[in-house]
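**Student:** Next up is a structure, given as structure tokens.
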């Protein structure tokens, strides 16, 4: 079978040459660094040094390629995690867990004061660096603003968490509100993923964790009209992306939580309905995050935290669509939201 031609790829990384015995000249494997000034300087140095040989086909992008112990890519001491919706709830819990794992964290949300307080907490607790990016992700150029703030630093972990819903009938809300909701739930996820993915593919590693919802499996219902549709899109997007990037060493995990104790309900005015739910049906943000990170560690594509949510997912698959729509219509009238 003919080999697929490989294209040279640039990288923002610098090169560090590690000394080796020159009596056994090995091949130098370079991965995705061909077009950088540092790479050209390194290659010139290698050509000038006796006892080094360079194999040309190692200058091209290769799936799951590993750097040899002769040349490594120098990057900041800690990997960077980018977390959206980080000011509270699931996003803040992700930031805390990732900081505890030794990641620097870029925190994205609208409330700057919350982000600054969280950044100070993470610095004090774990000694990590935090970048506060106060930003409304419904803006069309939000991803460009995030990239500008990152100043070309590569992202090792992307957590697409930011989201909210509108607890009202579609015709009872104005279009800008619905548009902004879709921009945050769908377009920001796509744009940020597209922005950080080339760097992950170039290094043959990286993680993308996206928060969808158990409602992605449902037939929808009145109220929160675009929310189930948006979460269904996100689920299918992650499934497709996984098929594309898995051979290149990038892990994709889509999380489908159910009701979660966070500010999600207070933001859309459904906290009273949440208070009437059995406690066993409501997960903490930490439970959701721990399940998500454990799934990502295993390379698991879809995770549904909590036994009740997995039972609900099974019911979504087994019940006829018409019956699901009838149940959803009557249940939503009594309980307008509260599911995340």
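**Student:** Would you point out the residue of segment 299-310, among those that are over 18 Å from residue 90 (Cα atoms) and surrounded by 12 or more Cβ atoms within 10 Å (Cβ to Cβ), that is modelled with the lowest pLDDT?
**Tutor:** So the first thing to find is which residues in segment 299-310 are over 18 Å from residue 90 (Cα atoms), and the list is 299-301, 307-308, 310.
Among the residues that remain, those that are also surrounded by 12 or more Cβ atoms within 10 Å (Cβ to Cβ) are: 299-301, 308, 310.
Details: 299: 96, 300: 97, 301: 97, 308: 73, 310: 68.
Per the criteria, the residue is 310.
**Student:** Here is a follow-up. Could you identify the single residue in 200, 238 that is over 23 Å from residue 315 (Cα atoms) and buried (at least 19 other Cβ atoms within 10 Å of the Cβ)? Walk me through how you get there before you give the answer.
**Tutor:** Details: 238 fails: over 23 Å from residue 315 (Cα atoms).
Unique residue meeting the criteria: 200.
**Student:** Quick check: is even one residue across segment 283-298 at pLDDT below 75 and crowded, with 20+ Cβ neighbours inside 10 Å? Working first, answer last.
**Tutor:** Here is the first cut: in segment 283-298, the residues at pLDDT below 75 are 283.
When the remaining residues are screened for being crowded, with 20+ Cβ neighbours inside 10 Å, the result is 283.
Yes, segment 283-298 contains a residue that is at pLDDT below 75 and crowded, with 20+ Cβ neighbours inside 10 Å.
**Student:** Exactly one of (1) under 21 Å from residue 85 (Cβ atoms); (2) at pLDDT below 95 is unmet by residue 278. Its number?
**Tutor:** Of (1) under 21 Å from residue 85 (Cβ atoms); (2) at pLDDT below 95, only one is false for residue 278: (1).
**Student:** Using the structure shown, decide if residue 162 is under 23 Å from residue 304 (Cβ atoms), in contact with a helix residue (DSSP H, G or I) (Cβ under 8 Å, 6 or more places away or on another chain) and assigned by TED's automatic domain parsing to the domain that holds residue 295. Give the steps one after another, and end with the answer.
**Tutor:** On the way: under 23 Å from residue 304 (Cβ atoms): yes; in contact with a helix residue (DSSP H, G or I) (Cβ under 8 Å, 6 or more places away or on another chain): yes; assigned by TED's automatic domain parsing to the domain that holds residue 295: yes.
Spelling it out, residue 162 is indeed under 23 Å from residue 304 (Cβ atoms), in contact with a helix residue (DSSP H, G or I) (Cβ under 8 Å, 6 or more places away or on another chain) and assigned by TED's automatic domain parsing to the domain that holds residue 295.
The values are calculated or read from the model by the stated rules, or taken from the named source; none is laboratory data. If you're wondering where the values come from, they're calculated on a predicted model, not measured in any experiment. Here the Cβ is made from the backbone with ideal geometry for all residues, glycine too, and neighbour counts use every protein chain on show.
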